[in-house]
Amino acid sequence: MLPAARALPPRLSRRLPPAWRWGPAAMPAAGLRALGTGRARRSEALAGAPLDTAGKEYSPKVRQLVRDIAGLTLLEVADLNALLKETLKIPDVAVMPTAAASLMSSQAAPKEEEEVVPIKKEKTHFTVRLTELKAADKVKLIKEVKNFVPGVNLVQAKKLVESLPQEIKANASKEEAEKIKAALEAAGGTVVLE
């Protein structure tokens, strides 16, 4: 709502828009109606809004229909849309802007001429998983696991090696994963990169 009319300093009143300088008494009724935020006020503002009648005269039936539709909520509009599609047997078609449609059609033509070759995306991050170990090389493998798993002491590394299969490193780059795999296999373990 607008603040009550009060005297403003001359410098400030010149900078304010006319609607703020007038106060509620001088505001036109249509202006006050448009400022409301409730559903009833919105429908009143739309009902009181003049239709563009410069080019054509609309029948009272059409005007009333426009007022009724303007007063609907979004859920009611969705129901109206579904009912109209069902009643008029309109198929559900995705709406595409004309600029995007012309762009899509112009891009589709060269693709038909070229041979379609699927691009295989190369995996960049790997999970290093220790699956098996040689019993004779268990001590070397425990030491290597301790080196590659951060924050693990020898006892924890031993428990990790004894409860295989275990994940050694997740989200490792290809080079790092290959390095860990080579070191663990040299120490007597079987490693799988996933």
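The values are calculated or read from the model by the stated rules, or taken from the named source; none is laboratory data. Note that this is a predicted model, so its numbers are computed, not measured. Every residue, glycine among them, receives a Cβ derived from its backbone with ideal geometry; neighbour counts consider all protein chains shown. SASA here: full protein model, heavy atoms, side chains in, ligands and nucleic acids out. Shrake-Rupley method; radii C 1.70, N 1.55, O 1.52, S 1.80 Å.
Taking only the range 163-194 into account, find how many residues are in a helix (DSSP H, G or I) and open to solvent by 10 Å² or more (accessible area, probe 1.4 Å).
Number satisfying all stated conditions: 10.
Kindly establish whether PRO60 is modelled with pLDDT under 90 and loosely packed, with under 11 Cβ neighbours inside 10 Å.
no
Are there any pairs, at least 6 apart or on different chains, whose C-beta atoms fall under 6 Å, with the first in the range 56-72 and of a type outside the set (Gly, Ala, Ser) and the second open to solvent by less than 90 Å² (accessible area, probe 1.4 Å) and modelled with pLDDT under 90, and if so, which?
ARG67/ALA47
Residue check: is LYS85 farther than 30 Å from GLU162 by Cβ, surrounded by 10 or more Cβ atoms within 10 Å (Cβ to Cβ) and either of a type outside the set (A, V, I, L, M) or at pLDDT 80 or above (or both)?
yes
What pairs can you find where one residue is in the range 171-194 and closer than 12 Å to PHE126 by Cα, the other is of a type in the set (Gly, Ala, Ser) and modelled with pLDDT of 90 or more, and their Cβ atoms are less than 6 Å apart, with a gap of 6+ or different chains?
LEU193/ALA177
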